[in-house]
Amino acid sequence: MTIRAVLARSPVIPVLTIEDAAMATDLAGALIAGGLPVIEITLRTEAGLEAVSRVAKAFPEASVGVGTVLDEADFARARDAGAVFAVSPGLVPEMAGAANAAGIAFLPGVQTSSEIMTARRLGLDTLKFFPAEASGGVYGLKQFAPVYPDVVFCPTGGLTLQNAPDYLACPNVICIGGGMATPADALAAQDWDAIRRTAAVAAGLARSCLAAA
């Protein structure tokens, strides 16, 4: 499945940093039950890959990916754990090649026109816009739209349920990513029902991007 096809499954991609892999399936189950079938688990903790493995095995209907990929070797490790996509905060040509070699869909991060042009030369037209709020936000994305009509974005960084509709209204935003579906207090209390309800709100957000239809 291409990265664009993965992202088209959901308007919101929960980005999870998991310290204890034992809670991963309960957390993912709440998100999936709420209507969010695409989940990104970052590699910022030692539990990251184990969490990916547990979630991928427990929910084969979901699209589980890894985030904060900083090294070429991460792609093969992610694939072996059951991830179907990988997200990096930046764009390095060698990493795009490593993702292809590992057979895993790749979502690199970009911030500038030069980076978008580099991505297009590498055959990448579905990109993470990061950090979104600090890099021009909705206004910046709207400026990119007529210049790069073939490119769609998943903005991440500083997004909330309050500003999410503005991002999803952009014609070049296929989905958004972040922690808006997993409130810190609900996570701390392991209140899975509260997370399911928040996920349902996120899953109901409308998006205008034609690529998401």
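The values are calculated or read from the model by the stated rules, or taken from the named source; none is laboratory data. Treat the numbers as computed from the prediction; the structure is a model and nothing was measured. Neighbour counts are summed over all protein chains in view; Cβ atoms, including those assigned to glycine, are modelled from backbone coordinates with ideal geometry.
Values for this structure:
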| quantity | calculated |
| --- | --- |
| Test result for Val52, of a type in the set (A, V, I, L, M), under 30 Å from Arg196 (Cα atoms) and modelled with pLDDT of 95 or more | yes |
| Failed item in (1) touching a helix residue (DSSP H, G or I) at 6+ places or on another chain (Cβ under 9 Å); (2) closer than 16 Å to Ala8 by Cα, with Thr156 passing the rest | (1) |
| In the range 23-46, the residues that are among the charged types (D, E, K, R) and assigned to a loop (DSSP other than H, G, I, E, B) | Arg44, Glu46 |
| Filter result (surrounded by 15 or more Cβ atoms within 10 Å (Cβ to Cβ) and more than 15 Å from the chain's Cα centre (by Cα)) within the range 155-164 | Leu161, Asn163 |
| Failed criterion for Cys170 (all others in (1) in a loop (DSSP other than H, G, I, E, B); (2) surrounded by fewer than 18 Cβ atoms within 10 Å (Cβ to Cβ); (3) touching a strand residue (DSSP E or B) at 6+ places or on another chain (Cβ under 9 Å) hold) | (2) |
| Unique residue being over 15 Å from Leu7 (Cβ atoms) and buried (at least 19 other Cβ atoms within 10 Å of the Cβ) when the list is Ala62, Ala78, Ala83, Ala101 | Ala78 |
| Condition check for Val147: more than 24 Å from Leu27 (Cβ to Cβ), in contact (Cβ under 8 Å) with a residue 24 or more places away in the chain and under 14 Å from the mean Cα position of the chain (by Cα) | no |
| Subset of the range 65-75 [surrounded by fewer than 20 Cβ atoms within 10 Å (Cβ to Cβ) and within 16 Å of the chain's Cα centre (by Cα)] | Thr68, Leu70 |
| Some residue of the range 43-65 being out of contact with any Gly (no Cβ under 8 Å at 6 or more places or on another chain) and within 14 Å of Gly109 (Cβ to Cβ) | yes |
| Selected residue (only one of Leu122, Leu168 is of a type in the set (A, V, I, L, M), closer than 17 Å to Ser88 by Cα and modelled with pLDDT of 95 or more) | Leu122 |
| Check on Val152, under 15 Å from the mean Cα position of the chain (by Cα) and over 25 Å from Leu27 (Cβ atoms) | yes |
